[in-house]
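Here is the structure we will look at.
The values are calculated or read from the model by the stated rules, or taken from the named source; none is laboratory data. Note that the structure is a prediction, hence the values are computed from the model and not measured. In this analysis, Cβ positions are derived from the backbone assuming ideal geometry, glycine residues included, and neighbour counts consider all displayed protein chains. These accessible areas exclude ligands, DNA and RNA; they are computed on the full protein's heavy atoms, side chains included. Shrake-Rupley method; radii C 1.70, N 1.55, O 1.52, S 1.80 Å.
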Amino acid sequence: MRIGLLTEGGHPYASGESRLWCDRLVRGLSQHEFDVYTLGRGTRREDAGRAPLPPHVRQVRTAPPWTAPDGARVGRTPGPRTYRRRDRHRFAGHFEQLVTALCRPGPAGDTTFADGLYGLAELAGERGGLGGALRSETAARTLEAACRAPGARRSAHRATVSDHLALTDRLERVLLPLSLDWYGADGLGAADLCHAASGGAAALPGLLAKRFFGTPLLVTEYGVQLRAHYLTVGGTALGTPARSLLSAFHGRLAAEVYRQAALVTPGNAHARRWQERCGADRGKLRTVYPGMEAERFASVGEGADPGDPRTLVWVGRAEPAKDLAGLLRAFTEVRRAEPGSRLRIVAVPARDPRTAAYLAHCRALAARLFPQDAAGRAAGGGPVSFEEVGGPGAPRLADAYAAGCVIVLSSVAEGFPVSLVEAMLCGRATVSTDTGAVVEVVGGTGLVVPPGDPRALAEACVALLRDPERRARLGAAARARALELFTVEQNLAAFRALYLEALASAPVRRESEALDPDGDPLPFAHPAEAHVPGHWTAAARRAAPRPAPTWAATAAATSGGGRA
């Protein structure tokens, strides 16, 4: 089948786990064809180039970059600069529906937000984009009227002109997919399935394909986008009213994405609970754990070396949420109970000033907590060492885990703990804080303590340092659990089955397929296995292309079976 993979700032341009997961998915499901659509590509990622792609990736289409590395705005919404009177009237009506839904709470089943969103999408499809409409005086006045209307939220009533302008600017960025040329017979209109690699704006093209072409949508969220927005919006320069309205928009968008998706795949039970609170139907949810490359850690996990019996190891990205300061305070208790113990902090190389500043703070704290060992630390033999992955002490990631007998995770906020799974694949006993999906990942194969409690963390570490048999038993169980649940192979097998499930239950959209007595597309009339990608099918499509001068015309032609 032909898959439209939707990403936001990810594959094939971004680095890190997001790009790696998409790359493994595309390469592992080589029996399918992929079209990759990427939102939010910045100029820095464009200059860095994109990852090499396998031959079954047919095309890569990217949105215009919005921001430069310094945060300056360098892009514009595509489309005409101005609308004529009739189109301005249509825009005002649909935009009013959208912002009214943000300004006042609606009853259960209210479709005002969705009507406004899809109305704007239809207008953009017919006129080649929203253009300057979202930056126009009409948009600002419409938002102002909705904020001051009877029944609006108190925070909306307090919005000022600057809040209105700031919010319309943010909405223009989020609604950018409405104006893209990704739809039609050569784009998402030809896809058999849309797979959004995250929620939020990345899923918007999938919503339009579902609305106008009937293309089934599958949404994967390893970190819930709405939760991420709530955690980060407070650090922006927006005023309180604008933040409140922007959060309402993202909440409404998340609810619509979950409502329209054929299947939603959270990466863990923590994400699943968030999705259910945001309106996701429990019957559509399928938990699919991220896949890790077990082979990278096989030499350590299957080796006979249990690691230094006196060394604790922390591995990860140094940031305040990881609570390295709390780990250092806990280690003072460990040193008091076990004077010969050591702590190795192995961090991913810092890529931004904030990470470097936090690492400097932690180094200064270690110097204050262990002043008597300053000379030994300077020579590399102190109780606490700060290292980097790729450095002399840990040239490979697996070497960092191999250095100690207990791996510690001290986070106060965590999503899916990748470093914890890597430690389990290495067959190491772990001590972790109870945050995010930690308990779900560890199961009964490690010790879990409350977050922000250095004494409990120290007591758990000491207990394992003093009991080598228990460490070996927990490490073996941890590796067995990780190999069963958290490998690339299980991840690919899950999505292979989900693709078939989503397509098999979707209405048939091809003109030649059977219809039911009412004239609607007949579910299951086109088995998912029958559409096999390859050169001969590509030639057949070229020989008989579907007439679709614009994606709006294609949507109109298929509206009988595509609208939800």
Practice item. For Arg342, list long-range residues whose amide hydrogen, built 1.01 Å from N in the peptide plane, is under 5 Å from its own amide hydrogen. Key: Thr311, Leu312
Check your understanding: Length gain on complete extension for the stretch Ala357 to Glu440, per 0.36 nm per residue less the alpha carbon to alpha carbon distance?
Key -> 26.7 nm
Check your understanding: Averaged over all directions, how much area does the convex hull of the C-alpha atoms of the range 153-284 cover when projected, in nm²?
Key -> 8.6 nm²
Check your understanding: How large is ³J(HN,Hα) for each residue in the range 330-347, as worked out from phi by the Karplus curve 6.51 cos²θ - 1.76 cosθ + 1.60 (θ = phi - 60°), to whole Hz, x for Gly and Pro?
Key -> 5, 5, 4, 5, 5, 5, 5, 7, 10, x, x, 6, 10, 10, 10, 9, 10, 9
Revision key, fill the gap. With label points set 7 Å from each Cα along the Cα-to-Cβ direction at Val60 and Arg455, the distance between them in nm comes to 5.4 nm
Study note, to complete from the structure: Of every hundred units of 1.4 Å-probe accessible area on the range 226-288, the number belonging to carbon and sulfur atoms, as a percent, is 51 percent
Practice item. Starting from the Cα of Arg296, step 7 Å along the direction of its Cβ; do the same at Asp110; then give the gap between the two resulting points in nm. Key: 4.6 nm
Revision key, fill the gap. With label points set 7 Å from each Cα along the Cα-to-Cβ direction at Arg336 and Arg368, the distance between them in nm comes to 1.8 nm
Review point. Counting only heavy atoms of protein chains, what accessible area per residue, in Å², does the range 310-452 have with a probe of 1.4 Å?
Key: 38 Å²
Check your understanding: Pulled fully out, how much extra length does the chain show between Ala497 and Asp308, if you take 0.36 nm times their separation in residues and subtract their Cα-Cα distance?
Key -> 63.8 nm
Point to revise | Portion, in percent, of the accessible area of the range 394-451 that falls on carbon or sulfur, probe 1.4 Å | key: 58 percent
